[in-house]
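Here the structure is laid out as structure tokens; the discussion comes afterwards.
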Amino acid sequence: MSRIILTDRGSFLGKSGEQFRISRKDEPDVLIPARKVEQILVLGSGISVSSDAIEMADELGVETVFASYYGKPRARLIPASLGGTVKTRREQYHAYDDHRGPELAKSFIRGKLRNQASLLKSFAKKWKGERMELWQEFRAASEAIESMIPELDLIKGDLEICRERIMGVEGLGADIYWKTWGKLIPGEWTFPGRDYPAAKDPINSLLNFGYYILEQEVWAATLYAGLDPYAGFLHADRPGQEKLVYDMMEEFRPIVVDRVVVSLARVMLPGHFQEDCRMTKDGIKIASSAFYGRLDERITYREKSQLIRSIIRSQASTVAAFLRGERTCYEPFTPRW
């Protein structure tokens, strides 16, 4: 399966028989068999998509996502029949006021902490026996992060009361994680620490771009699971922001994005970034290929070989099942490294 990514102003996506047709000024048309496309991504402005192309995408279940040039999702076209069961969303709203809300919030951060610790351990392996001081530093950092996980189980009360404490544990883990993670970045890059949403250095720009792509994927997963992407638990409600998506992204950030950025830092060049640290067109192509490639990667999870993007959708379905009372708890995605 392939992905259509449109970034050039003046581009036009239309339909030609059972194919999508991409037209660009002064370039020959490109025809892509529609049944081989799984997603259409429109990055930036000045790009047109015909109603015929949208209709064909809808019939084939192809997602169409509109985002800023730098990947921030703006809108998504989904089939009119999509939406899951009414019961799922009713239970999601009720869960905010009972024990399920805090349990989900804690589970999301539990998964994030475990995966942050695992990522540091996985990189530490290459230094064992060669650079013992780094091996020990990374092992100590991962153990410190893991030691915070039991603190989540001690947090009690309704969501409004315990949210701040949950985020406090997450923040302490993040301080250790980013200080250690930064040592994986080659010295020619400057990484002053995690800085968002406005990145002031190339590494943070890559992290933000990767998180935007992850946001697109998790957003789709919540919709297909019948969840309301705007009604979160861990992140406080704010109009126009899909807080459940931000919640569910947490456990996937280290695996889908942070790990890839370490590799990209050894591939990309200063010329792939503008003066304001945002990526150039060529930089976006390289980064997009890496992040989407990671989503399409197969890993062994629960004794099965699965695409990471499929696992994300499965986790969203598990959240929905927990809210409907079909599961006694929600287990975050924490693969073995």
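The values are calculated or read from the model by the stated rules, or taken from the named source; none is laboratory data. The model shown is predicted, which means the values in this text are computed figures rather than measured ones. Here the Cβ is made from the backbone with ideal geometry for all residues, glycine too, and neighbour counts use every protein chain on show.
Results for (1) under 16 Å from PRO254 (Cα atoms); (2) surrounded by 15 or more Cβ atoms within 10 Å (Cβ to Cβ); (3) out of contact with any strand residue (DSSP E or B) (no Cβ under 6 Å at 6 or more places or on another chain); (4) modelled with pLDDT of 95 or more, shown as yes or no for each residue.
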{"position": "LYS285", "(1), (2), (3), (4)": "no, no, yes, no"}
{"position": "ARG302", "(1), (2), (3), (4)": "no, no, yes, no"}
{"position": "SER305", "(1), (2), (3), (4)": "no, no, no, no"}
{"position": "ARG309", "(1), (2), (3), (4)": "yes, yes, yes, no"}
{"position": "SER314", "(1), (2), (3), (4)": "no, yes, yes, yes"}
{"position": "VAL319", "(1), (2), (3), (4)": "no, yes, yes, yes"}
{"position": "LEU323", "(1), (2), (3), (4)": "no, yes, yes, yes"}
{"position": "TYR330", "(1), (2), (3), (4)": "no, yes, yes, yes"}
{"position": "PRO335", "(1), (2), (3), (4)": "yes, yes, no, no"}
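Considering only segment 44-65, I want to know if a residue exists there that is surrounded by fewer than 13 Cβ atoms within 10 Å (Cβ to Cβ), hydroxyl-bearing (Ser, Thr, Tyr) and out of contact with any strand residue (DSSP E or B) (no Cβ under 7 Å at 6 or more places or on another chain). Scanning segment 44-65 turns up at least one residue that is surrounded by fewer than 13 Cβ atoms within 10 Å (Cβ to Cβ), hydroxyl-bearing (Ser, Thr, Tyr) and out of contact with any strand residue (DSSP E or B) (no Cβ under 7 Å at 6 or more places or on another chain). ALA316 falls short on exactly one of the conditions (1) free of Cβ contacts under 8 Å to residues at least 40 places away in the same chain; (2) more than 10 Å from the chain's Cα centre (by Cα), and that condition is (1). Taking segment 151-160 as the range and being assigned to a helix (DSSP H, G or I) and either under 21 Å from GLU251 (Cα atoms) or touching a residue at least 60 places away in the same chain (Cβ under 8 Å) (or both) as the test, the residues that pass are GLU151, LEU152, ASP153, LEU159.
Filter segment 152-164 down to the residues that are surrounded by fewer than 17 Cβ atoms within 10 Å (Cβ to Cβ) and either touching a helix residue (DSSP H, G or I) at 6+ places or on another chain (Cβ under 6 Å) or of a type outside the set (Asp, Glu) (or both), then identify the one that is nearest to LYS243 (Cα to Cα).
Residue satisfying both the conditions and the ranking: ILE161.
With respect to the stated conditions, ILE145 is assigned by TED's automatic domain parsing to the domain that holds LEU244 and crowded, with 17+ Cβ neighbours inside 10 Å.
Going by the structure shown, is ASP228 modelled with pLDDT of 95 or more and surrounded by 15 or more Cβ atoms within 10 Å (Cβ to Cβ)? No; evaluated as a whole, the condition is false for this residue. Within the set ARG100, ARG110, the sole residue that is more than 16 Å from ASP258 (Cβ to Cβ) and under 17 Å from the mean Cα position of the chain (by Cα) turns out to be ARG110. Is there a residue being closer than 17 Å to ALA75 by Cβ, surrounded by 20 or more Cβ atoms within 10 Å (Cβ to Cβ) and not aromatic (Phe, Trp, Tyr) anywhere in segment 245-266? Yes: one or more hits. Exactly one residue out of SER50, SER11, SER68 is modelled with pLDDT under 90 and not basic (Lys, Arg): that is SER68.
Selection of helices (runs of 4 or more DSSP H) fully inside segment 208-311 by the criterion of at least 3 residues being without any contact (Cβ under 8 Å) to a residue 40 or more places away in the chain and assigned by TED's automatic domain parsing to the domain that holds PRO192 returns 243-249, 281-295.
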